[in-house]
1. Step by step: first the residues of the stretch A:29-67, then only those that are touching a residue at least 60 places away in the same chain (Cβ under 8 Å) and small (Gly, Ala, Ser), then the one that is nearest to the other protein chains (Cβ to nearest Cβ). Which residue is that?
2. Kindly evaluate B:Leu39 against the criterion of being crowded, with 18+ Cβ neighbours inside 10 Å, at the interface with chain A (Cβ under 7 Å from one of its Cβ atoms), over 30 Å from A:Pro28 (Cα atoms) and at pLDDT below 90.
3. Does A:Ala253 satisfy the criteria of being loosely packed, with under 15 Cβ neighbours inside 10 Å and in a helix (DSSP H, G or I)?
4. Say whether the condition of being closer than 21 Å to A:Leu55 by Cα and touching a Gly at 6+ places or on another chain (Cβ under 8 Å) is met by at least one residue in the stretch A:123-130.
5. Select from the stretch A:81-122 the residues that are within 11 Å of chain B (Cβ to nearest Cβ), closer than 25 Å to A:Glu20 by Cα and not polar (S, T, N, Q) and list them in ascending order.
6. Going through the stretch A:76-123 one residue at a time, which ones are of a type in the set (S, T, N, Q) and in a helix (DSSP H, G or I)?
7. Any idea which residue in the stretch A:124-161 is farthest from the other protein chains (Cβ to nearest Cβ), counting only those that are outside any helix (DSSP H, G or I) and of a type outside the set (Ser, Thr, Tyr)?
Amino acid sequence: MAGKSNAEGGAGIDPMHQFEVHPIIELPTVAGIDTSFTNASLWMVLAIGLSSLFLIAASRRTSIVPGRLQLMGEMSYSFVANMVKENVGTEGMKYFPFIFSLFIFILFCNMLGMLPYSFTVTSHLIVTFALAATVFLLVTLVGFARHGVGFLKLFVPSGIPVILLPLLVVIEVISYLTRPVSLSVRLFGNMMAGHTMLKIFGGFVVGLSSAGLIPLAIAPFALMVAFTGLELLIAGLQAYVFTILTCIYLNEAIHMDH
Amino acid sequence: MPQLDPSSFGSQLFWLAICFVTLYLVMAVFVLPRITGTLAARADQMEGDLAEAEALRDKAEAALAAYEEALAQARTRALGLAQDMRADVQAETELQKSELDASLAATAKAADARLEAARTKAMEGLQNAAQDIVADVMSAVGVEQADEKAVAKAVTQAFASTSDTVKAG
């Protein structure tokens with residue numbers, strides 16, 4: 001894992017330092033996999049712990065007329081359920097628990113990443129890629145399970161001159177295969193860029209004020225506040241985008257209306 | 001860039017798998033079925049309440065219709081009763097009137113009969129008296145042994161013509 005960079009002095013703050021993974025509890029390597037409990041693992045556990053706590057509490061004692069907590073739980077449920085129903089239809093409700101977990105996991109990881117001194121799980125490409133690859137595998141499996149070899153028709157656009165077909169099929173296949181890449185890079189890029197930018201502006205503020213130029217630090221500080229608001233919006237939006245793209249891919253696999 | 005350091009991939013993937021599977025199981029087993037149940041129960045209750053409200057409204061409308069029908073029936077019956085009553089009273093009046101007429105007629109007839117009887121008796125008395133007078137006159141005149149039959153005949157004839165004139169008068 002990356003070594004310590006020059007963290008001393010305000011201007012010398014490394015904006016990438018926040019993404020470093022370091023073990024908290026060293027655990028042995030099992031079957032070639034390092035199982036060490038790291039700061040990344042900690043924030044993953046926190047994300048699922050907090051979200052589970054919230055949703056279990058929200059659904060524990062339910063009444064016909066909901067309280068505040070219950071209403072929040074039901075609103076998250078309805079938000080994702082409506083997304084699935086509108087984009088996939090009622091057949092999609094079979095995969096609703098998966099899509100709901102995906103949305104809640106990404107949302108909580110993104111939001112917890114906004115806390116100072118926290119670690120943003122979703123700012124690591126390997127994590128977002130694993131999630132995107134899971135979606136990709138699920139969608140592909142559902143497609144082949146429902147349509148068999150006929151699922152390959154997805155790569156053959158209709159109403160196209162025969163001469164263009166080989167070219168278009170290649171393009172379609174490439175665009176299908178790059179889906180997990182685009183899906184994971186979108187989330188990872190948004191998270192990493194936002195946090196890096198916040199850190200750079202934070203470095204400006206600390207550097208300028210420690211150099212005695214406090215009036216000059218006001219502008220980057222104001223920008224930082226504004227970007228923090230924007231980042232909160234992006235944290236929610238990216239969780240939504242990831243989820244809705246999963247729904248759209250699933251809909252294609254189930255209905256094949258390309 | 002720490003994201004490109006493959007040494008952290010193993011542990012990240014390992015813990016991601018554990019965390020995501022745990023979250024999925026918690027959601028799929030504990031949370032989502034409960035919320036689904038609550039939402040379904042709420043939808044059911046609302047549907048039930050609406051159905052009940054509709055049933056009650058139908059009942060109220062039926063009660064109103066029944067009330068109006070009962071009212072109309074009662075009105076018709078009251079009208080019928082009034083007509084019957086009027087007819088009864090009229091019939092009773094007619095009956096009493098006719099009975100009264102009959103009894104009056106009988107009384108008048110009886111009175112007439114008594115009058116006629118009294119007249120006849122008076123006439124007879126008068127005739128006998130006339131015969132006696134005739135007999136007395138004849139004996140006074142000197143006619144002995146007058147023919148009684150002839151006298152009665154003459155008196156009767158005289159009376160008949162008189163009574164005819166009396167009657168005619």
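The values are calculated or read from the model by the stated rules, or taken from the named source; none is laboratory data. For clarity, every value in this text was computed on a predicted model and none was experimentally measured. Every residue, glycine among them, receives a Cβ derived from its backbone with ideal geometry; neighbour counts consider all protein chains shown.
1. Of everything passing the filter in the stretch A:29-67, A:Ala40 is nearest to the other protein chains (Cβ to nearest Cβ).
2. When the stated conditions are applied, B:Leu39 does not pass them.
3. No, not satisfied.
4. Of the residues in the stretch A:123-130, the ones closer than 21 Å to A:Leu55 by Cα are none.
Checked the stretch A:123-130: no residue is closer than 21 Å to A:Leu55 by Cα and touching a Gly at 6+ places or on another chain (Cβ under 8 Å).
5. A:Leu102, A:Phe103, A:Ile104, A:Phe105, A:Ile106, A:Phe108, A:Cys109, A:Phe119, A:Val121
6. Within the stretch A:76-123, the first condition is being of a type in the set (S, T, N, Q), and the residues that meet it are A:76, A:78, A:82, A:87, A:90, A:101, A:110, A:118, A:120, A:122-123.
The answer is A:Ser76, A:Ser78, A:Asn82, A:Asn87, A:Thr90, A:Ser101, A:Asn110, A:Thr122, A:Ser123.
7. A:Pro161
The rows are residues; the columns are (1) farther than 18 Å from A:Trp43 by Cα; (2) modelled with pLDDT under 90; (3) at the interface with chain A (Cβ under 8 Å from one of its Cβ atoms); (4) not in a helix (DSSP H, G or I).
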| residue | (1), (2), (3), (4) |
| --- | --- |
| B:Ser8 | no, yes, yes, no |
| B:Trp15 | no, yes, yes, no |
| B:Val21 | no, no, no, no |
| B:Asp44 | yes, no, no, no |
